[in-house]
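Notes to accompany the following structure.
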């Protein structure tokens, strides 16, 4: 049975919990970052050991294989350089046409400034979809910066530490994104409000759609850029089904994500 | 149980939380990440005292929350409550039995996430829960039970390896030996 000191210990733990839970969000965030900082040596150790393993793996790859891979990469690099040149020309032309038309609506698009980050951890709790990346405030990270991979949108930075940042993945209730469904007529705009469940991170729900006549499975969904938090035009995925109307008069549709959120190793952060 | 063992348990909780964050093999295989803290709390409840349990709940819980999107402090109270419940009945628990360890670990691993989720929901957070959470709950319970058994095995072995044990004295004393003879 419990004795008086046990009740005192229980009271103390309860008091600590109450104090910590009632802290202002900013202070709690700072304490979280400070405690998370305790794990930095372990994250560093993991990073260097993975690098060592990768280097050891590279050392045993035959020279002929490396030369072959180098050739393939050289070729694809040439293609991408040409495409980048073409895209830049289109971009300049677009800018020029905007100036000629005195287009004032919205801010002009600029070329993406991207920073590569390595994924160092995932959320230990099963009820959140977040990851940790190895870039922090010293690398210029800020909250709400867009995180993406070549396949498409991944999420947004939700908390920034000195050397690491937390990314809320798309499908997380804390990462709502305005999205547009590309259709033949007008694009239908909605909001990615959340995922479809804790087990499946490949499907998200696109809600608040007003017109469902033009929607059919397989249509491309991209970020719309509405709201200013995320740039427009980043691929999100494809509609996976026909839209269904829900109680409040709006419709929603499930979207199959282009990016595989379960196998993220490196991501790109879209810098301002 | 001495100070060294208590430090080892707290260190194990920190490394365990870090492993939960970085090792995703189990998550990819079964769709749920196992939590190492409830098994450690059960071990602490059966082998240490409430002060160590409190330190373990506070440090482990805060570390878990700091690497997660949880509100800071949400995991602390559920961990301590579960360990206190075990501690209050530890005289009646057959703690050397595999079955008892497994059941206690499974129950603790199932109760702690439920209490944490209730706390989260009461603070107007919207965690990702659904029917799939039931599967995750079962996986966490079974996995936690097995981890509890492993915890007892590892820490009892460490305890034996790192601590002196008093030699069991027999009741035989040479100076009190009764020498019987014919005379």
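Readers should treat all values here as calculations from the given coordinates under stated rules, not as data from a laboratory. This one's a predicted model, so the numbers in the text were calculated from it and none came from an experiment. Glycine also receives a Cβ, built like all others from the backbone with ideal geometry; neighbour counts cover every protein chain displayed.
Taking each residue in B:15-27, count the Cβ atoms of any other chain within 10 Å of its Cβ, then average. What number comes out?
What the average comes to for B:15-27 is 5.
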### Message
Let's test the formula: R0 of 30 Å, r as the Cβ-Cβ distance of residue B:8 and residue B:94. What FRET efficiency results, to the nearest 0.05?
### Response
0.80
### Message
Which of A:258, A:178 has the fewest other C-beta atoms within 10 Å, and how do the rest follow up to the most?
### Response
A:178, A:258
#### Entry: Modelled FRET efficiency - R0 35 Å, residue B:158 with residue A:40, Cβ distances, 0.05 increments
0.85
### FRET efficiency, residue A:137 to residue A:50 (Cβ-Cβ, R0 22 Å, nearest 0.05)
0.40
## Note on the structure
Partner shielding of A:63-74, taken as the mean number of other chain Cβ atoms within 10 Å, equals 0
### Message
Just want the ordering: A:23, A:33, from fewest to most Cβ atoms lying within 10 Å of their own Cβ.
### Response
A:23, A:33
#### Entry: Virtual spin-label span in nm between residue A:241 and residue A:216, 7 Å along Cα→Cβ
1.9
### Task
Based on other C-beta atoms within 10 Å, arrange A:160, A:167 from fewest to most.
A:160, A:167
### region A:194-272-region B:120-155 distance, computed between alpha-carbon centres (Å)
29
### Task
Mind giving me the nanometre distance, one decimal, between the label points for residue A:80 and residue B:173, set 7 Å out from Cα along Cα→Cβ?
8.5
### Summary
Volume per residue (Å³) of the convex hull spanned by the alpha carbons of the protein assembly as shown is 223
### Task
Would you mind computing Rg(Cα) / (2.2 N^0.38 Å) for chain B, counting N as its residues?
1.32
### Task
Enter the Cα centre distance for the pair region B:1-43 and region B:46-66, rounded to the nearest angstrom.
12
